[in-house]
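Read the structure below first, then the notes.
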Amino acid sequence: MSTLAAAPAPQAGSARITSWRLLVNNRLATAGLVLLGTILLLTALAPILPLPDPNATAPADRLKPVLTAGHLLGTDQLGRDILSRLLWGTRVSVAVGFAATFIAAGIGSAIGIVAGYAGGRIDNAMMRGIDMLMAFPYILLALAIVAALGPGLMNALYAIALVNIPFFARNVRGVTLGYAHREFVDAARLSGKGHLSIILTEVLPNVMPVIVITMSTTAGWMILETAGLSFLGLGAQPPQADLGSMLGEGRAQIFTAPHVSIVPGVMIFLIVISLNVLGDGIRDVLDPRLRSGALARPGPVTEVARDRTAPASTADDAVLVIEKLETGFRQGGEFIPAVRGVSLHVKPGKCLGLIGESGSGKSVTALSVMGLVASPPGVIRNGAVYVGNEDVLSMPETRLIAKRGSRVAYVFQDPLTTLHPMVAIGRQVEESIAAHQSISAADCRKKAIELLEKVGIPDARARSVHYPHQLSGGQRQRVGIAMALANDPEIIIADEPTTALDVTVQARILELLRDLQRERGMALLFITHDFGIVSEFCDRVAVMKDGEIVETGETRQVLADPQHAYTKRLIACVPELGTGARFLDRVATLFAEDKKEVA
Ligand code: ADP
Ligand code: MG
């Protein structure tokens, strides 16, 4: 027990560091961060740097080139120092751009959250208003606003903030809609919390990442828009410098003194590009799916370490042999094993139960068989998997993929997440058939309906056009089994296929699996955490704890004489009818003994 309790602690601690480390690991984002930091630091220091007055004209020094003594970046058409104007101008542009971002984010997100949370008529009214704002080309709208309010930096800021409100409102409303009716929000409502408090404590923290992501990706854009309005003479007014007005003023000298417009142009480019790569980096870090490893989509097959040791198969007459399998996950450059030295085998027509508590590594073992552990971060470090005497892990990718579903099929725990919600169940079964067999569409359809009948879907032909949400949990799992049977596999790996179902349905699904397995002579690797099921159902059993097999043998023998304390505990957890309170006493005693052992 001590290892179990200690294991999660360092992970929880490192999770917070990894957000920062992940951002720094992303080289582009780091470059953006450093560049942006340098620019912001320089502009912040503008008042104390030994710079000439940005607005002091000197007609005698007009259009001096770059690197003139006293004028590092030269002078403009009025003899003003470009470096000084650049730093002061960047200050203005960045301040206006960021201020507009915060205003747009604040107002837009508030509208989005209220609309998404309230729903119905309020949502409708608010969103139609936002739609109207979006229907105008935004730069035209900004121009119209500035024209109405009069040119000037503050008015440009309002205009840009206003035209960007819809982006925040739309994004945030979409996410809020997803949360507004989740169970934890309902629970908060039942506990008597008011609307404002629910919005602030339940909804806002969940939509915050979206707001931050939208801000980081639109800030650069808003700086660009500020520059655009100033370029057109509607933002900063002379003699005040900002990047857009400097660009606009330099336009007349573009051929005679190109540096006057190139310098602010390059600065705009640097700010926007650094904000964009940094924004992308922040988005990747805030997305928990991208946090666990590299910033990449999982490959089609689990990564296998090059220097893997592949022990030979020790059970020749088995259809599936796993030898000393070691699978784990890469987290921030470290390899964290989830399964260590697991060896099992299943003979044709037999059922092996793999039992262990949640998190013991059963699913990782099962998924490793066909290279289905997502990589990154998953890695198979050592060991071998033999399907019909062939090492699966050294097969070429295409060959391994061809074996999925045809020789080894899976049935997963939650059929609602494994079935496609938008495709009729008949079509989904047809797809599994068509993936491995080239038969005519009519035959395929016939076979799909036969399969659905076989797994006990009543009135299969009529039912085949139904969608997963129109079926009960048990029926959905039957469809999952039909898909697994589609290509007459030799091995079925069922990963807790009945855990999501209620007890009576569970019994029927188990019966179905057993009958089909016997009838077709398939091997079955049955994963569960319930010894009751194993004792009725499996010929042999392997007990798994903390990623290792602690005991294996004939089910009857293990039941009669369990060797490992953990096995005893799992067996004790199966209640018997009529034992009542004595059952709980028995479990409690075993747990107490276990604690003593550790101490
Ligand atoms: P179970 O026995 O309940 O099926 P699993 O095989 O799913 O357990 O998980 C075994 C261990 O592997 C757990 O400690 C889990 O935290 C870890 N694990 C599973 N998937 C991932 C992943 N994608 N990234 C990191 N760790 C994982
Ligand atoms: Mg599992």
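Quick notes on this structure:
- Just one of (1) within 22 Å of Ala402 (Cβ to Cβ); (2) under 32 Å from the mean Cα position of the chain (by Cα) fails for Gln475. It is (1).
- Residues located in region 442-455, provided they are under 36 Å from the mean Cα position of the chain (by Cα) and either loosely packed, with under 12 Cβ neighbours inside 10 Å or modelled with pLDDT under 90 (or both): Val455
- For region 341-366, residues that are under 9 Å from Arg540 (Cβ atoms) and near ligand 2 (Cβ under 9 Å from one of its atoms) total 0.
- Filter result for Glu551 (out of contact with any Asp or Glu (no Cβ under 6 Å at 6 or more places or on another chain) and modelled with pLDDT of 90 or more): yes
- Flag: Leu501 does not match the condition of being more than 29 Å from the chain's Cα centre (by Cα) and more than 16 Å from ligand 1 (Cβ to nearest atom).
- Among the residues of region 427-455, those identified as part of a loop (DSSP other than H, G, I, E, B), in contact (Cβ under 8 Å) with a residue 12 or more places away in the chain and out of contact with any Gly (no Cβ under 7 Å at 6 or more places or on another chain) are Gln437, Val455.
- Any hit, region 77-100, residues being without any contact (Cβ under 8 Å) to a residue 60 or more places away in the chain, basic (Lys, Arg) and not assigned by TED's automatic domain parsing to the domain that holds Thr256: no
- Contact map, region 20-42: first residue touching a residue at least 24 places away in the same chain (Cβ under 8 Å), second residue surrounded by fewer than 16 Cβ atoms within 10 Å (Cβ to Cβ) and part of a helix (DSSP H, G or I), Cβ cut-off under 7 Å, separation 6 or more or different chains; pairs are Thr30/Val24.
- Selection within region 373-421 - touching a Pro at 6+ places or on another chain (Cβ under 8 Å) and charged (D, E, K, R): Arg381, Glu397, Arg407
The values are calculated or read from the model by the stated rules, or taken from the named source; none is laboratory data. Keep in mind that what you see is a predicted model, and the values were worked out from it rather than measured. Please note: Cβ atoms are built from the backbone with ideal geometry, for glycine as well, and neighbour counts cover all protein chains shown.
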